[in-house]
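This report concerns only the one structure given below.
The values are calculated or read from the model by the stated rules, or taken from the named source; none is laboratory data. In this text the structure is predicted, and so the values were computed from the model without any measurement. Every residue, glycine among them, receives a Cβ derived from its backbone with ideal geometry; neighbour counts consider all protein chains shown.
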Amino acid sequence: MNDPFRKRGRKGPVLSPDEGRRQGSVVRSAQAALGSVEAVRDFLNTHHQALEGRPLDLAVASEAGLAAVEAAIADEGGGEPSRGSPRRERQETGQ
């Protein structure tokens, strides 16, 4: 019998807290620089020649990857690299 209240399994991998933070940061940076949801989705999910990989995967994998992707986002958007939310910037500076 099908129980509608049973817990269903996840459909993808579970990110660690650091991976989740980096994913959120890169999405916010891309949204600020690129504007439209379609542009953000296309940029983060399409192989990037200069980065030699898919930007979302690189950003989630490490801090160095996140920095490289944010620099590429700034190049695409024509602005300064964004480091995500003001809250994160306050945490990094100890405020």
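Below is a table of values for the structure above.
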item: Subset tally (residues that are farther than 12 Å from A68 by Cα and more than 14 Å from the chain's Cα centre (by Cα)) for region 39-53; result: 2
item: Helices (runs of 4 or more DSSP H) contained entirely in region 24-95, each with at least 2 residues that are surrounded by 11 or more Cβ atoms within 10 Å (Cβ to Cβ), at pLDDT 90 or above and out of contact with any His (no Cβ under 6 Å at 6 or more places or on another chain); result: 37-45, 55-61, 63-77
